[in-house]
Amino acid sequence: MGLPDKPGKDQGPVYVPDTSAILTGKIDILSMKCIVPSGVIKEIRKGKMGRLMDHEMCVIQITDPKNKFLDVVRSAARETGDLPYLSQTDMDIIAVALEIGGIIISDDYSLQNVSSKLKIEFQGCGLECIKSRISWGYVCKGCGAKYEEKLESCRICGHKITRYPLNEEKR
């Protein structure tokens, strides 16, 4: 299914919910204008809600983003340091919202962080949203060596690598 043109002001907002936003039951995707990436539907179908979704599939608009938008999302996620913490479905959600000018509904802070970098509007569905955009670096817990990308273990001493904030910008 193709994506609609960017919504006009008179059409109202279009929401792009993530899996948890739908599963929490705190939003009603049937009464909102929503576009849902197919990866979200696949994740829901893995759980108990899958059977219920089959009844609602005729009213839910499902789509996949164009590759050029996914490339923009990957690049932004790489820049912020969130790429290792985003699933393919997370990137699809951001890319669809970017493509249509939609509003993301998610409590995922990495997803919100990348969305903020791309100036995509987002809302939480249970937790407070991020207040600052963070760029992440990676540091070894053992020797303190710093890295630009996430590694499984330190190249110097073999200890675990964790992320740390390089800087924060108000959104």
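The values are calculated or read from the model by the stated rules, or taken from the named source; none is laboratory data. Treat the numbers as computed from the prediction; the structure is a model and nothing was measured. Counting neighbours? That spans all protein chains shown, and the Cβs are built from the backbone with ideal geometry, glycine included.
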Query - Residue within segment 144-151 that is over 15 Å from the mean Cα position of the chain (by Cα) and aromatic (Phe, Trp, Tyr) present - result: yes
Requested in this report: State all residues of segment 123-171 that are touching a Gly at 6+ places or on another chain (Cβ under 9 Å), within 30 Å of Val16 (Cβ to Cβ) and either free of Cβ contacts under 8 Å to residues at least 24 places away in the same chain or acidic (Asp, Glu) (or both); if no residue qualifies, say none.
Outcome: Glu148, Glu149
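With the structure loaded, tell me whether Pro13 is assigned to a loop (DSSP other than H, G, I, E, B), modelled with pLDDT of 85 or more and surrounded by fewer than 19 Cβ atoms within 10 Å (Cβ to Cβ) or whether it fails that test.
yes
Here's the yes/no breakdown for (1) of a type in the set (Gly, Ala, Ser); (2) in contact with a helix residue (DSSP H, G or I) (Cβ under 6 Å, 6 or more places away or on another chain); (3) at pLDDT 95 or above:
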position: Leu127; (1), (2), (3): no, no, no
position: Gly137; (1), (2), (3): yes, no, no
position: His159; (1), (2), (3): no, no, yes
position: Pro165; (1), (2), (3): no, no, no
Requested in this report: Sort out which residues of segment 119-136 are in a strand (DSSP E or B) and surrounded by 15 or more Cβ atoms within 10 Å (Cβ to Cβ), and write them in order of number.
Outcome: Phe122, Gln123, Arg133, Ile134, Ser135, Trp136
Query raised in the report: Take the residues of segment 27-44 that are in contact (Cβ under 8 Å) with a residue 24 or more places away in the chain and in a helix (DSSP H, G or I): which is farthest from Leu70 (Cα to Cα)?
Result: Ile44
